[in-house]
Every structure is written in structure tokens, then in C-alpha cells.
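**Q** I am attaching a structure below and will ask some questions about it afterwards.
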């Protein structure tokens with residue numbers, strides 16, 4: 001099956017700093033989503049981005065499908081950004097059965 | 001994603017008991033997916049259902065686990081004769097069609113004692 005690797009596995013930032021999280025995948029995909037799992041365990045949709053670039057406030061994401069990677073940018077980080085960020089992809093055409101990466105655990109310090 | 005409703009949020013079962021996890025998809029969504037998250041790990045796909053049909057159950061253990069999505073009512077993930085290794089967070093997701101954005105519920109945290 002498809003492999004999804006995220007880097008870095010752990011990241012500590014000072015509040016206000018910027019960061020880039022990376023997601024590499026081993027095969028072509030039809031769907032790609034970024035999620036934030038907050039400290040309470042809730043999965044929050046950030047981006048649905050099989051290709052191209054999207055922005056939502058302090059967050060933006062870019063997927064280069066031909067080179068099989070996606071990037072999540074967090075600017076002016078806040079303590080509420082802490083948690084685990086997951087990238088998930090889907091290869092097929094008949095259902096959004098996602099394969100998740102191992103996640104990037106982010107801690108933002110005040 | 002607050003629209004996908006799972007209950008209960010927390011469930012404690014003794015070894016050998018049955019666990020029933022429920023998921024109501026977002027309004028207008030007819031595709032439901034179940035995932036399992038072990039501590040400190042990512043989510044793993046278990047099963048994909050549409051109304052009254054199991055589409056793909058390749059990620060679900062062959063024994064003790066079953067899932068359904070009846071014509072009326074929520075989707076149910078059933079685990080019979082639970083063991084300690086079944087302790088995990090179980091998430092349900094839904095999408096409007098098979099190839100669109102999936103939204104997740106808040107999960108059910110199962111603890112087997």
C-alpha cells in the first residue's frame with residue numbers, strides 16, 4: 001500500500017514563530033487532507049488539498065502532486081496550535097479511505 | 001466536522017464483554033468510514049460503508065469485529081469478546097460522496113479492563 005511519511009516527528013516552537021511541516025507520499029493520490037488533533041483528541045479538518053495551494057488565516061498548504069509531497073505552513077504560531085498534525089492521502093477512485101502519516105507533534109511555548 | 005456524532009465518548013468494558021460504538025454521519029452524507037487510533041500512533045482505516053452495504057473492510061480484523069450501516073439509524077461498530085489490545089480511540093468519518101472531503105467525529109475512547 002501507499003506510504004505516508006511526515007517530518008519532523010516532533011517540533012517545539014516559541015509563540016510567534018513560523019514553521020513548515022512536510023508530508024511525502026509514495027504514489028499518486030486522488031485526495032490529500034491535513035488535520036490537527038488537539039490535546040483533547042479531536043480531529044479538526046485543516047485542508048482538503050489534492051493539489052495546488054490554499055490559505056486559511058495563519059495556515060496555508062501546498063501540494064505538489066507530481067513530486068508527491070505536501071507542505072503545511074503555520075505562521076505566527078500560538079499556544080492553541082499545539083497538538084499533532086496529520087497528513088492523510090487516498091489513492092483510489094471509489095471511496096475516501098485515508099492512509100495517515102505518523103504525524104508531527106507540535107508544542108508551542110508561551 | 002462537529003456534524004459527525006459519535007457515542008459514547010468514553011466506554012469501559014471488561015475483558016470478554018461486547019462493545020457497541022455508534023456513529024451518525026453529517027447531514028447529507030451517505031459514506032461512513034471507521035478508523036482506529038492506538039496510543040501515540042496515527043489512525044488506521046478499518047471499514048468503509050454506505051447505506052446497507054459494506055464497501056471495503058480490508059482494515060478490519062476478521063474475528064470479533066463487525067460493522068453495519070442500516071437503512072435507518074446510525075452506523076454501528078461492534079466488537080465482541082473484547083481484549084486489552086482493543087483499547088484504543090475509534091473514529092468515524094463521513095463524506096457526501098466517495099471521493100470528497102471526509103469529516104471526523106470526536107471519537108469513542110474504549111478502555112478494556
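Here, each number is a calculation from the coordinates, and none is a lab measurement. Model, not experiment: these values are computed from the prediction. Note that each Cβ is placed from the backbone with ideal geometry, even for glycine, and that neighbours are counted across all protein chains shown.
**Q** I'd like the projected area of segment A:37-110, averaged over all directions, using the convex hull of its alpha carbons. Report it in nm² with one decimal.
**A** 5.6 nm²
**Q** Any idea how far apart residue A:45 and residue A:80 come out in nm if each label point goes 7 Å out from Cα toward Cβ?
**A** My value for the distance between the label points is 2.0 nm.
**Q** Give the Debye-formula value of log10 I(q)/I(0) at each listed q (0.23 Å⁻¹), with one equal scatterer per alpha carbon of chain B, two decimals each.
**A** With one equal scatterer per Cα and no solvent, log10 I(q)/I(0) is -1.36.
**Q** Using every Cα-Cα pair within segment B:3-60, state what percent have a distance larger than 19 Å.
**A** In whole percent, the share of Cα-Cα pairs in segment B:3-60 beyond 19 Å is 41.
**Q** Once R0 is set to 22 Å, what does the formula 1/(1 + (r/R0)^6) return for the Cβ-Cβ distance between residue B:84 and residue B:58, expressed as a FRET efficiency to the nearest 0.05?
**A** 0.35
**Q** Can you give me the distance in nm between label points at residue B:5 and residue A:54, each placed 7 Å from the Cα along the Cα-to-Cβ direction?
**A** Using points 7 Å along Cα→Cβ, the separation is 2.6 nm.
**Q** Determine the relative contact order of chain A: mean sequence separation of Cα pairs under 8 Å and six or more apart, normalised by residue count, in whole percent.
**A** 37 percent
**Q** If you don't mind, there's one more thing I want to ask. Defining a contact as two alpha carbons under 8 Å apart and six or more residues distant in sequence, what relative contact order in percent does chain B show?
**A** 38 percent
**Q** Same structure, new question: What distance in nm lies between label points placed 7 Å from Cα along the C-beta direction at residue A:65 and residue B:17?
**A** 4.7 nm
**Q** For chain A, modelled as a GNM with alpha-carbon contacts under 10 angstrom, which of A:17, A:88, A:65 fluctuates the most?
**A** Most flexible of the set in this elastic network: A:17.
**Q** Hey, what's the Kirkwood Rh for segment A:68-110 if you take every pair of different alpha carbons, in angstrom?
**A** Here the Kirkwood hydrodynamic radius works out to 12.4 Å.
**Q** Then there is this: For B:36, A:105, what ranking results if the residue with the fewest other Cβ atoms within 10 Å of its Cβ goes first?
**A** A:105, B:36
**Q** Two decimals is fine: what's Rg over Rh for segment A:1-70, C-alpha atoms, Kirkwood radius as Rh?
**A** Using Cα coordinates only, the ratio equals 0.96.
**Q** What whole-number volume per residue, in cubic angstrom, does the convex hull of the C-alpha atoms of the protein assembly as shown give?
**A** Spread over its residues, the Cα hull of the protein assembly as shown gives 116 Å³ apiece.
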